[in-house]
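*Asks:* Take this structure, written in structure tokens, and hold onto it; I'll ask about it next.
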Amino acid sequence: MNYTPHTEEEVKQMLSDIGLNSIDELFSDIPEELRPKSFNLPSGKSESEVVNHLRYLASRNSTSLVNFVGAGFYSHYIPSAVDAITSLPEFYTAYTPYQPEASQGWLQAIYEFQTAICNLTDMEVANASLYDGGTALYEACMMAMRINGRRKIVVDEGVNLIYWTMIQCYISNLSLDVVKVPVKEFGLDRDKFLDSMDEKTSAVVLQNPNFFGCIDDYSDIVEYAHKKGIIVIESVYPLSLGLLKTPGEMGVDIAVGEGQSLGIPLSFGGPYLGFMATRKEFVRKMPGRIVGKTLDRKGRDSYVMTLQAREQHIRREKATSNICSNEALCALRALVYLSLLGKEGLKELAQLNLDKAEFTRQQLEKIPQIKVFRDRPIFNEFPVILPERADVVVNKMIAKGFAAGFPLGRYYKGMEHNLLIAVTEQRTKEEIVKFAESMEAVLCS
Amino acid sequence: MQLIFEKGRKGRRGFKIQKSDVPVKASIPDNLKRKTDNGLPEVSELDVVRHFTSLANKNFCVDTNFYPLGSCTMKYNPKFTEAVAALPGFRDLHPLLPQLSGGGILTQGALELLYRMEQLLCEITGMDAFTMQPLAGAHGELTGTMIIAAYHCSKGNKKRYILVPDSSHGTNPASAAIAGYEVVVIPSDNTGVMDINEYKRHLTDKVAGVMLTCPNTLGIFNPSIKEICDMAHSVDALVYYDGANLNAILGKLRPGDVGFDIVHLNLHKTFATPHGGGGPGAGPVGVKEHLSKYLPISKVVLRTDGTFFLDYHYPESIGYIAPFYGNFEVIVRAYAYILLLGREGLMDVAEKAVLNANYVKEKLKKYYKLPYDRKCMHECVFSAEWQKEKGVSALDIAKYLIDRGIHPPTIYFPLIVKEALMIEPTETENKETLDEFISAMIEAAKLAEKKPEKFADFPESTPVSRPDEVKAARDLNLRWCKK
């Protein structure tokens, strides 16, 4: 059979060594009446047949649209070396480094990943990864409640709506109070937000750039929160930190985010990479695996998983989280990506995103029917206000070869005419100019 | 070995960023700018490649070493599944595209794949509906326990407890706790399965659900499984199947036929997707018809015209447990694997996995204490208690095996076996490899008899010897800092 190497002779020999006569006897603990009522699966196929079928399915997905959709998930170029490294079987066919002596490569890589995330966010400690940005945000809320024992979370509407709905789903069986504060002009409504923070509030949740692409400095919120013993959680777009004020600089307590922009393909929704960083004093409240540096018996540097007493395999129902498998291979992708980009490359790439988004805004501003939102600074994504429904415009633009953006009306009542446009370094000047022309043509038709 | 952060020189570059082709130099207000050093290394591409290749060489992995890590199903990961997962039509696809008006038609291949995978998993498990969204096994458990909660909530049931056997994975009680339940642990009996009398005693009408792994973490199949399900249903408790060990019973038993209401599968175990050093996994959840309305949204639905679309209209759904449709790349690999093996191939997986485990068990039971001496399924659990009497622990034996080029079994789990050595050979290993492992284990047992003091020094062949874990936890060093 396909990946089972046993010859008939060997099967006989092994059965005989076990003291059995047939394979069926191995399963004699399963009573006859419990055997499958059906198992109507197709017969096996050859590798080439399966590959052809998968190629056919892949061909029925369009990857030729010029993409201006972001909404938290961005198409950035992935250097080939990222794929080459993560395709090394010594990385991808290993498991969780339970045996440190046989896993020093993985353990050091995770330690380096933790370092990279700390450096990127200006935070003190980071974990080895969580599933995605949304689960990282939820875990951060749970962590805040473990820290201060309060049960209310205040979330800015500028936080990705997918994450907001995920948090609501996760907490539905726990007696918690979650409050959403509406945005004003696509940004934080400071007065309302501050008003909603009280002595019962465990944490506030902010995002930068926010879902609408607008950037902010939340230092004032942090200062106010800390006076009231409130934990501040900030979700960030890691690539933007080449340029933008960091969670650490703002004094944030827990920084989380979706690491997809760091060398991880879009892959129709996953696997992605949740990351989390915090202050050293909170490390024992943090979920997920953590790698620490220590010495071996000969005094050599070595790495191990540490603080495992927080985790489910030790603490069971009292664990900080139920997470076991994480996204280690995606964390490695992010680490290799950041290493290749390096100190200057990250800054340059962030600047390039900013420049291209600004150029796109300028092109779209030439179109009288489009109102480009200019009241808040942005990074690489921004809202525009159209004279008609944005989803209808997007539909028409698909016919012209563009994924024109994310129609905000899909998530927000009253924003039916608003389109969220993302511009990464992948978009060329020519594409942007043509995009603006097509938008104009669609809006005039 | 130096860290990547300790390598490089100021001004060295590892990746060329393209020159801007737009005539704009934008800026942001000064108060929104980063003022600190981003702390990234300054290295060349070759520096990076050499660094990480050197790190890779310090890992054991399935492609280089026998890896009988119990409960983790470290089988061979076929190479062609990597190739199909990397097809640009999958890899470069934006997950929001099908949610745009007119975008669904441009993602028909991906939606069809998800739809077909659901059908296949339903047939494999005997369940009626599946969600592909959970991102790992534990995430599937959480989804499952939330479905249990939704079911009882809609019926107005006041339930408080989830029962789990003492041999369960730690994720089971941890997941139940997050779904808002109190966990009651049921002891195992002297045959290695859940004590049926203790189970009956705790099975009150306050019980919301029972979480079982079958075969259990001792590798034992519980023949009373149907009775356990029926009893749970008699108090309106749901029964959850932890699919970590499905590999053992593919085509031999379907949880859905026996009475399980909810199952999760670990695609990275049963269906051979790589474990990636700890992830990503994928933990699809299947349910019986009466629970399908609670599954997470969205769901892929087939229209009468043969096209597929994402349906969000499930008002009783537990909601969004993942941002999109699951770990899609992992699902692609598992789908390809299932198609290649087909019906007979999957049954063969179970047969050879169980054959290999029983073979190892029979060959070693003279040398290691076998706490439950009965037929096992895909894995067997020994105890190093005999060796421990000489001062040699399960950990010591694990370290000895590393020097023999074998990744150790899972140790100290399940918790109910002292000095546990949990061995899962998987079906993809040949007899020579098993015999080599058996010899190594026997030699370890003999060495423990004669020279137990030798074990303290193992492993000797690895880049480091045993790290000081106490120091690691006491003097926390979790990141590199510039001196």
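The values are calculated or read from the model by the stated rules, or taken from the named source; none is laboratory data. These numbers were taken from a predicted model, which means no experiment stands behind them. Glycine gets a Cβ as well: all are built from the backbone with ideal geometry, and neighbour counts include every protein chain shown.
Yes/no per residue for (1) facing chain B (nearest Cβ under 8 Å); (2) closer than 22 Å to A:Phe73 by Cα; (3) modelled with pLDDT under 95:
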position	(1), (2), (3)
A:Trp106	yes, no, no
A:Phe113	no, yes, no
A:Ala116	yes, yes, no
A:Met166	yes, yes, no
A:Lys184	no, no, no
A:Gly187	no, yes, no
A:Phe193	no, no, no
A:Ser196	no, no, no
A:Lys200	no, no, no
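*Asks:* Being surrounded by 23 or more Cβ atoms within 10 Å (Cβ to Cβ), of a type in the set (Gly, Ala, Ser) and within 7 Å of chain B (Cβ to nearest Cβ) is true for just one of A:Gly269, A:Gly259. Which residue is that? Show your work before the answer.
*Replies:* Values: A:Gly259 fails: within 7 Å of chain B (Cβ to nearest Cβ).
Of A:Gly269, A:Gly259, the one residue that is surrounded by 23 or more Cβ atoms within 10 Å (Cβ to Cβ), of a type in the set (Gly, Ala, Ser) and within 7 Å of chain B (Cβ to nearest Cβ) is A:Gly269.
*Asks:* Going residue by residue through the stretch B:424-442, is there one that turns out to be more than 9 Å from chain A (Cβ to nearest Cβ), surrounded by fewer than 17 Cβ atoms within 10 Å (Cβ to Cβ), part of a helix (DSSP H, G or I) and of a type in the set (Ser, Thr, Tyr)?
*Replies:* yes
*Asks:* Sticking with this structure for a sec: For the stretch B:260-280, enumerate the residues that are out of contact with any Lys or Arg (no Cβ under 6 Å at 6 or more places or on another chain), assigned to a loop (DSSP other than H, G, I, E, B) and within 11 Å of another protein chain (Cβ to nearest Cβ). Even if it seems obvious, please write down each step before you answer.
*Replies:* Here is the first cut: in the stretch B:260-280, the ones out of contact with any Lys or Arg (no Cβ under 6 Å at 6 or more places or on another chain) are B:260, B:262-271, B:274-280.
Adding the requirement that they be assigned to a loop (DSSP other than H, G, I, E, B) leaves B:260, B:266, B:271, B:274-280.
B:Asn266, B:Pro274, B:His275, B:Gly276, B:Gly277, B:Gly278, B:Gly279, B:Pro280 - these are the residues of the stretch B:260-280 that are out of contact with any Lys or Arg (no Cβ under 6 Å at 6 or more places or on another chain), assigned to a loop (DSSP other than H, G, I, E, B) and within 11 Å of another protein chain (Cβ to nearest Cβ).
*Asks:* Name the residue that is farthest from the other protein chains (Cβ to nearest Cβ), counting only residues in the stretch B:35-94 that are among the basic types (Lys, Arg) and in contact (Cβ under 8 Å) with a residue 40 or more places away in the chain. Step through it out loud before you land on a result.
*Replies:* Start the filter on the stretch B:35-94 by keeping residues that are among the basic types (Lys, Arg), which leaves B:35, B:50, B:58, B:75, B:79, B:91.
From the residues that got through so far, the ones that are in contact (Cβ under 8 Å) with a residue 40 or more places away in the chain too are B:58, B:75, B:91.
On the way: B:Lys58: 4, B:Lys75: 7, B:Arg91: 5 Å.
Among those that are among the basic types (Lys, Arg) and in contact (Cβ under 8 Å) with a residue 40 or more places away in the chain, it is B:Lys75.
Each row is one residue, and each column tells you yes or no for (1) at negative phi; (2) modelled with pLDDT of 95 or more; (3) touching a Ser or Thr at 6+ places or on another chain (Cβ under 6 Å); (4) not acidic (Asp, Glu).
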{"residue": "A:Arg300", "(1), (2), (3), (4)": "yes, yes, no, yes"}
{"residue": "A:Gln308", "(1), (2), (3), (4)": "yes, no, no, yes"}
{"residue": "A:Arg316", "(1), (2), (3), (4)": "no, no, no, yes"}
{"residue": "A:Thr320", "(1), (2), (3), (4)": "yes, no, no, yes"}
{"residue": "A:Leu332", "(1), (2), (3), (4)": "yes, yes, yes, yes"}
{"residue": "A:Lys343", "(1), (2), (3), (4)": "yes, yes, no, yes"}
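*Asks:* Next question. Check B:Ile321, B:Ile228, B:Ile297 and return the single one that is among the β-branched types (Val, Ile, Thr) and assigned to a helix (DSSP H, G or I).
*Replies:* Working: B:Ile321 fails: assigned to a helix (DSSP H, G or I); B:Ile297 fails: assigned to a helix (DSSP H, G or I).
Criteria check complete, one pass: B:Ile228.
*Asks:* Based on this model, can you work out whether B:Asn172 counts as in the same structural domain as B:His268 (by TED's automatic domain parsing), over 28 Å from B:Leu302 (Cα atoms) and part of a helix (DSSP H, G or I)?
*Replies:* Values: in the same structural domain as B:His268 (by TED's automatic domain parsing): yes; over 28 Å from B:Leu302 (Cα atoms): yes; part of a helix (DSSP H, G or I): yes.
Considered against the rule, which asks whether it is in the same structural domain as B:His268 (by TED's automatic domain parsing), over 28 Å from B:Leu302 (Cα atoms) and part of a helix (DSSP H, G or I), B:Asn172 comes out as yes.
*Asks:* Another one. Quickly run through the stretch A:258-274 and pick out the residues that are in contact with a strand residue (DSSP E or B) (Cβ under 6 Å, 6 or more places away or on another chain) and β-branched (Val, Ile, Thr).
*Replies:* Within the stretch A:258-274, none qualify.
*Asks:* If the requirement is being in contact (Cβ under 8 Å) with a residue 60 or more places away in the chain and either within 24 Å of B:Tyr181 (Cβ to Cβ) or within 8 Å of chain B (Cβ to nearest Cβ) (or both), which of these qualifies: A:Glu358, A:Glu348? Walk me through it before giving the result.
*Replies:* Values: A:Glu358 fails: in contact (Cβ under 8 Å) with a residue 60 or more places away in the chain.
From the options A:Glu358, A:Glu348, the qualifying one is A:Glu348.
*Asks:* Does A:Ala436 count as closer than 21 Å to A:Asn61 by Cβ, among the small types (Gly, Ala, Ser) and at pLDDT 95 or above? First the steps, then the outcome.
*Replies:* Working: closer than 21 Å to A:Asn61 by Cβ: no; among the small types (Gly, Ala, Ser): yes; at pLDDT 95 or above: yes.
Against the criterion (closer than 21 Å to A:Asn61 by Cβ, among the small types (Gly, Ala, Ser) and at pLDDT 95 or above), A:Ala436 does not qualify.
*Asks:* Still on this structure: Determine whether B:Asp403 is outside the structural domain of B:Glu6 (by TED's automatic domain parsing) and more than 22 Å from B:Met74 (Cα to Cα).
*Replies:* On the way: outside the structural domain of B:Glu6 (by TED's automatic domain parsing): yes; more than 22 Å from B:Met74 (Cα to Cα): no.
Considered against the rule, which asks whether it is outside the structural domain of B:Glu6 (by TED's automatic domain parsing) and more than 22 Å from B:Met74 (Cα to Cα), B:Asp403 comes out as no.
*Asks:* Looking only at the stretch A:39-51, count how many residues are assigned to a loop (DSSP other than H, G, I, E, B) and more than 7 Å from chain B (Cβ to nearest Cβ).
*Replies:* So the answer is 1.
*Asks:* Further question: Let me spell it out: the conditions are (1) closer than 20 Å to B:Pro98 by Cα; (2) surrounded by fewer than 23 Cβ atoms within 10 Å (Cβ to Cβ), and A:Val423 meets all of them except one. Which number is the exception?
*Replies:* (2)
*Asks:* Right, something else. Any idea which of A:Asp17, A:Asp29, A:Asp24 is of a type in the set (Asp, Glu), outside any helix (DSSP H, G or I) and without any contact (Cβ under 8 Å) to a residue 60 or more places away in the chain?
*Replies:* Values: A:Asp17 fails: outside any helix (DSSP H, G or I); A:Asp24 fails: outside any helix (DSSP H, G or I).
One residue alone meets the criteria, A:Asp29.
*Asks:* Sort out which residues of the stretch B:2-13 are at the interface with chain A (Cβ under 7 Å from one of its Cβ atoms) and either more than 18 Å from A:Gln351 (Cβ to Cβ) or out of contact with any helix residue (DSSP H, G or I) (no Cβ under 7 Å at 6 or more places or on another chain) (or both), and write them in order of number. Let's see the steps before the verdict.
*Replies:* Within the stretch B:2-13, the subset at the interface with chain A (Cβ under 7 Å from one of its Cβ atoms) is B:3-5, B:13.
Scanning the stretch B:2-13 gives B:Leu3, B:Ile4, B:Phe5.
*Asks:* Filter the stretch B:301-318 down to the residues that are surrounded by fewer than 22 Cβ atoms within 10 Å (Cβ to Cβ) and not in a loop (DSSP other than H, G, I, E, B), then identify the one that is nearest to the other protein chains (Cβ to nearest Cβ).
*Replies:* Of everything passing the filter in the stretch B:301-318, B:Leu310 is nearest to the other protein chains (Cβ to nearest Cβ).
*Asks:* Okay, moving on. List every residue pair whose Cβ atoms sit under 6 Å apart, with the two residues 6 or more apart in sequence or on different chains, where the first one lies in the stretch A:155-169 and is of a type in the set (Asp, Glu) and the second, anywhere, is assigned to a loop (DSSP other than H, G, I, E, B) and modelled with pLDDT of 95 or more.
*Replies:* Here the result reads A:Asp156/A:Leu188; A:Glu157/A:Pro182; A:Glu157/A:Val183, each pair linking the stretch A:155-169 to a residue that is assigned to a loop (DSSP other than H, G, I, E, B) and modelled with pLDDT of 95 or more.
*Asks:* Take the residues in the stretch B:100-131 that are over 20 Å from A:Asn52 (Cβ atoms), hydrophobic (A, V, I, L, M, F, W, C) and at the interface with chain A (Cβ under 10 Å from one of its Cβ atoms); name whichever of them is surrounded by the fewest Cβ atoms within 10 Å (Cβ to Cβ).
*Replies:* The selected residue is B:Ile105.
*Asks:* Working carefully through the options A:Val236, A:Val204, find the one that is touching a residue at least 24 places away in the same chain (Cβ under 8 Å) and more than 13 Å from every other protein chain (Cβ to nearest Cβ).
*Replies:* Values: A:Val236 fails: more than 13 Å from every other protein chain (Cβ to nearest Cβ).
The conditions single out A:Val204.
*Asks:* Going by the conditions given, is A:Val336 buried (at least 24 other Cβ atoms within 10 Å of the Cβ), within 7 Å of another protein chain (Cβ to nearest Cβ) and outside any helix (DSSP H, G or I)? Let's see the steps before the verdict.
*Replies:* Working: buried (at least 24 other Cβ atoms within 10 Å of the Cβ): yes; within 7 Å of another protein chain (Cβ to nearest Cβ): yes; outside any helix (DSSP H, G or I): no.
The answer is no for A:Val336.
*Asks:* What residue, of B:Gly251, B:Gly243, is in contact with a helix residue (DSSP H, G or I) (Cβ under 8 Å, 6 or more places away or on another chain) and surrounded by fewer than 24 Cβ atoms within 10 Å (Cβ to Cβ)?
*Replies:* Values: B:Gly243 fails: surrounded by fewer than 24 Cβ atoms within 10 Å (Cβ to Cβ).
Step by step, each of B:Gly251, B:Gly243 is checked, and only B:Gly251 is in contact with a helix residue (DSSP H, G or I) (Cβ under 8 Å, 6 or more places away or on another chain) and surrounded by fewer than 24 Cβ atoms within 10 Å (Cβ to Cβ).
*Asks:* Let me ask something additional. Being under 30 Å from B:Ser465 (Cβ atoms) and facing chain B (nearest Cβ under 7 Å) is the filter here, so list the residues in the stretch A:66-96 that pass it. Can you show your working first?
*Replies:* Taking the stretch A:66-96 and keeping what is under 30 Å from B:Ser465 (Cβ atoms), we get A:85-86, A:88-96.
Selection gives A:Ile85, A:Leu88, A:Pro89, A:Glu90, A:Phe91, A:Tyr92, A:Thr93, A:Ala94, A:Tyr95, A:Thr96.
*Asks:* Scan the stretch B:376-401 for residues that are in a loop (DSSP other than H, G, I, E, B) and without any contact (Cβ under 8 Å) to a residue 24 or more places away in the chain and jot them down.
*Replies:* First pass over the stretch B:376-401, keeping only residues in a loop (DSSP other than H, G, I, E, B): B:376-379, B:384, B:389-393.
Within the stretch B:376-401, B:Glu389 is the sole residue that qualifies.
*Asks:* Name the one entry in A:Ile78, A:Ile85, A:Ile147, A:Ile110 that is of a type in the set (Val, Ile, Thr) and assigned to a loop (DSSP other than H, G, I, E, B). Let's see the steps before the verdict.
*Replies:* Numbers: A:Ile85 fails: assigned to a loop (DSSP other than H, G, I, E, B); A:Ile147 fails: assigned to a loop (DSSP other than H, G, I, E, B); A:Ile110 fails: assigned to a loop (DSSP other than H, G, I, E, B).
Sole residue among the options that is of a type in the set (Val, Ile, Thr) and assigned to a loop (DSSP other than H, G, I, E, B): A:Ile78.
*Asks:* Return yes when B:Val354 is within 11 Å of chain A (Cβ to nearest Cβ), more than 21 Å from the chain's Cα centre (by Cα) and not in a loop (DSSP other than H, G, I, E, B) and no when it is not. Don't jump to the end; show me each part of the working.
*Replies:* On the way: within 11 Å of chain A (Cβ to nearest Cβ): yes; more than 21 Å from the chain's Cα centre (by Cα): no; not in a loop (DSSP other than H, G, I, E, B): yes.
Against the criterion (within 11 Å of chain A (Cβ to nearest Cβ), more than 21 Å from the chain's Cα centre (by Cα) and not in a loop (DSSP other than H, G, I, E, B)), B:Val354 does not qualify.
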